[in-house]
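Worksheet: the structure to be examined is printed underneath.
The values are calculated or read from the model by the stated rules, or taken from the named source; none is laboratory data. Note that the structure is a prediction, hence the values are computed from the model and not measured. Don't worry about glycine lacking a Cβ; one is built from the backbone with ideal geometry, like all the others, and counts go over all protein chains shown. Surface accessibility is based on the protein's heavy atoms, side chains included, excluding ligands, DNA and RNA. Shrake-Rupley method; radii C 1.70, N 1.55, O 1.52, S 1.80 Å.
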Amino acid sequence: MLILPFMVTLGQFIRDRRQELGFTVRHFAELIGVKPPHVTDIEADRRRPGPEVLSKIGKVLDVRLEELQTLDPRIPPEVRQWMDSEPRVSSLLRQIRQSPDPNETLRRLEEKVREQVDEEDVKET
């Protein structure tokens, strides 16, 4: 299953996938170990699931955790720590934001990073 981050929010994706699988809010809440209002809040994007709940959601919905994480707008703690310790990261983000077309600049940067990662993967094999 391909998830494109700009298509839906995390909550919308979870709701759509839950409904696609035929789970009620109550049953889904039981499966992931939370109360039904918690699920309702997650699906309405009023609340973000923690790492443990997000992992359970992925298992129940048969979606890779990494795919769900791409829809989560929060910055993970390890990335926040890296940003705090490496000023170039924040500087780069500011430069992207200030560029004439931030979305295009970001798209091109993502493409370059993927190419680099693919090259490194090939070298390792």
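Quick look at the values:
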{"read-out": "Qualifying residue in region 16-23 (condition: buried (at least 16 other Cβ atoms within 10 Å of the Cβ) and among the basic types (Lys, Arg))", "value": "yes"}
{"read-out": "Search result, residues across region 85-125 that are open to solvent by 100 Å² or more (accessible area, probe 1.4 Å), closer than 29 Å to PRO49 by Cα and at pLDDT below 90", "value": "ARG114"}
{"read-out": "Members of region 40-56 found to be open to solvent by less than 50 Å² (accessible area, probe 1.4 Å), part of a helix (DSSP H, G or I) and either out of contact with any Lys or Arg (no Cβ under 8 Å at 6 or more places or on another chain) or acidic (Asp, Glu) (or both), listed by number", "value": "ASP41, GLU43, VAL53, LEU54, SER55"}
{"read-out": "Residue match in region 44-55 (condition: modelled with pLDDT under 95 and among the small types (Gly, Ala, Ser))", "value": "yes"}
{"read-out": "Selection within region 74-119 - among the small types (Gly, Ala, Ser) and part of a helix (DSSP H, G or I)", "value": "SER85, SER90, SER91"}
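Residue-by-condition table, conditions (1) within 27 Å of PHE13 (Cα to Cα); (2) without any contact (Cβ under 8 Å) to a residue 24 or more places away in the chain; (3) out of contact with any strand residue (DSSP E or B) (no Cβ under 8 Å at 6 or more places or on another chain); (4) small (Gly, Ala, Ser):
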| residue | (1), (2), (3), (4) |
| --- | --- |
| LEU68 | yes, no, yes, no |
| PRO73 | yes, no, yes, no |
| ASN103 | yes, yes, yes, no |
| LEU106 | yes, yes, yes, no |
| GLU110 | yes, yes, yes, no |
| ASP118 | no, yes, yes, no |
